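S.K.: Here's a structure for you.
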Amino acid sequence: MHKKIMYIFVSIKDFILKKNSLYKGTLQNIILKLLAKEVKMYGYQITQRAKELTQGELEMTEGALYPLLHKLEAEGMITSQIQKINGRDRKYYLLTDKGRKQQTEQEEEMRSYLFNLNTIFNI
């Protein structure tokens, strides 16, 4: 009985890890889509909006988010601007034209990918 419980626990843990790795591969798409919908957002706001939209399923860590934001900014996909909010600097991120084009292309690829997964898994 103990081995069976342990097996179920390990299986659930593996499922959670695998599910998170699926999100990891789409974080760039998610960030660009959120910025396309919201116009400008700061880092914490991005994490909270993703968490809210997925009903807590997607929890982006700062360690995953900020390197990706820096990469997107270096590639010219997003730009940032600092605004003073209550006497403190807050860095907002916005899509550039290049980023908007990339987001549209990635969304089309994602739609095709999801269609194919639905066809295979009938979900």
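S.K.: Using the basic label-point model (7 angstrom from Cα toward the beta carbon), what is the Phe115 to Glu52 distance in nanometres?
M.R.: Once both label points are built, they end up 3.1 nm from each other.
S.K.: Give me the one-decimal nm value for the distance between modelled label points at Ala36 and Lys24, 7 Å along each residue's Cα-to-Cβ direction.
M.R.: Between Ala36 and Lys24, the label points sit 2.5 nm apart.
S.K.: Which value results for Rg/Rh of the range 22-123 when Rg is the Cα radius of gyration and Rh the Kirkwood radius based on the inverse mean 1/r?
M.R.: Details: Rg = 14.7 Å, Rh = 14.5 Å.
Taking Rg over the Kirkwood Rh, I get 1.01.
S.K.: Oh, and also: Using DSSP to define loop residues, name the GluC sites (Glu not before Pro) in the range 56-123 whose beta-carbon has at most 16 other beta-carbon atoms within 10 Å.
M.R.: Answer by residue number: Glu57, Glu59, Glu75.
S.K.: Report the accessible area of Phe115, computed with a 1.4 Å probe over the heavy atoms of all protein chains in place, in Å² rounded to the nearest 10.
M.R.: Using a 1.4 Å probe on the heavy atoms, I get roughly 130 Å².
S.K.: Heavy atoms only, probe 1.4 angstrom, no DNA, RNA or ligands counted: give me Ser80, Ser112 ranked by accessible area, highest first.
M.R.: Final ranking, largest accessible area leading: Ser112, Ser80.
S.K.: On the full set of protein chains, 1.4 Å probe, figure out the accessible area of Arg111 and give it in Å² to the nearest 10.
M.R.: Estimated to the nearest 10 Å², Arg111 gives 140 Å².
The values are calculated or read from the model by the stated rules, or taken from the named source; none is laboratory data. Keep in mind it's a predicted model, so treat the numbers as computed, not measured. Cβ atoms come from the backbone with ideal geometry, glycine included; neighbour counts cover every protein chain shown. Quick note on the areas: whole protein, heavy atoms, side chains included, nothing else; ligands and nucleic acids left out. Shrake-Rupley method; radii C 1.70, N 1.55, O 1.52, S 1.80 Å.
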